[in-house]
Amino acid sequence: MFKIVTPDTYNEHQDLLDAMHQMRYRVVVGEWGWDIPGIQPGYDKDQFDTDATVYVIVRTPEGEVVGTSRLNPTMRPHMLSDLFADYCNLQPYPVGKDVWECSRFVMDRSLITSPVDDFRVRCRIGLGLTAYCLDNHISRLSWLTHQKFFNLVQRVWHTEPLGLPRRNGDDWAWIPAVSRIDEATFDRQIDRYRNAEEIVAEYSGTRQASERSHVA
C-alpha cells in the first residue's frame, strides 16, 4: 500500500529515493512552477531533506512513484521554524519530540487513472504518515498547506490552524496547521480508502449540482 523509508534504510532504497526526488521535481517545479533555491535540475532535494527525514512513498502497480510525503522532527530546523514562522500569527508553531512536520505532499497525476485512483493514492500517503506516527509515538503533525487541502485534511485528522490564510503571489491561500494523530484517525482513513468509490461519486454529484445551480 505504501513504503516508509527511514534514515537507516536509505542505502537499501536509494533507487526508490532517486525516483521520488525526480517525481517531486517534475511536479513542484515542472507543473507548479516553484522556484527552489539550490536544488539540482531534475531533482527536488532541498535543505529539509536531511539525515533525519522519513519518507512515505506510494507506487503504481507498475512500480512508478506516484505519491510521496516527508516527515521531519520539529526538534531540528524545519520549514515552519526557518521559512514560515511569520505565517503562524494565531499561535506559535509547535515543537517537541512528539511533534513532526509533514511537507512535500506530492502526487504525479499523470500516472493516476481516475478520480477514485487519485483519492486512493492520497489515502495511501495519509495512511503511511499516520502509521509511522502511531508506531513512533508522534501525536501531532504540523504543516503548511493550501486552503483546499486544509479543508480535506479536516475530514480525517483533527486539525486547527496556526495562522490565517495567506496568499504569497499565487492563486493558493496558504495555512499553517497542526493535526492530532491517534488510532481513530487511522480507522477513519481505512474506512475512506475502502469506500473510495462511494465517496468520490458523492463528491462528484455534489459538485455537479453546485455548478448547475450557478448556471444562468
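Miscellaneous remarks
- Prolate/oblate/rounded label for segment 9-67 (Cα gyration tensor, a/c 1.5): oblate
- Over the chain: helical MRE at 222 nm, DSSP H runs n ≥ 4 each giving -39500 (n - 2.57), nearest 500: -10500 deg cm²/dmol
- Kirkwood Rh in Å, taken over segment 1-106 so that all alpha-carbon pairs contribute: 14.7
- Spatially, segment 3-21 and segment 106-168 are offset by 21 Å when compared through their Cα centroids.
- Between residue 135 and residue 168, the FRET efficiency from the beta-carbon distance, with R0 = 30 Å, is close to 0.30.
- For residue 100, the solvent-accessible surface computed with a 1.4 Å probe is close to 40 Å², ligands and nucleic acids excluded.
- Chain lengthening between residue 201 and residue 91 when straightened (0.36 nm per residue, less Cα-Cα): 35.9 nm
- Cα gyration tensor shape for segment 57-216, rounded if a/c is under 1.5, else prolate or oblate: oblate
- The residues of the chain expose on average 53 square angstrom of accessible surface per residue, using a 1.4 Å probe on protein heavy atoms.
- Counted residue by residue at 0.36 nm each, then reduced by the alpha carbon distance between them, the extension gain from residue 151 to residue 40 reaches 36.7 nm.
- Taking all protein chains as they are arranged and a probe of 1.4 Å, the heavy atoms of residue 26 leave approximately 120 Å² accessible to solvent.
The values are calculated or read from the model by the stated rules, or taken from the named source; none is laboratory data. Computed from a predicted structure; not experimentally measured. Note: ideal-geometry Cβ built from the backbone for every residue, glycine included; neighbour counts use all protein chains shown. We work out accessible area using only protein heavy atoms, side chains counted, and drop any ligands, DNA or RNA first. Shrake-Rupley method; radii C 1.70, N 1.55, O 1.52, S 1.80 Å.
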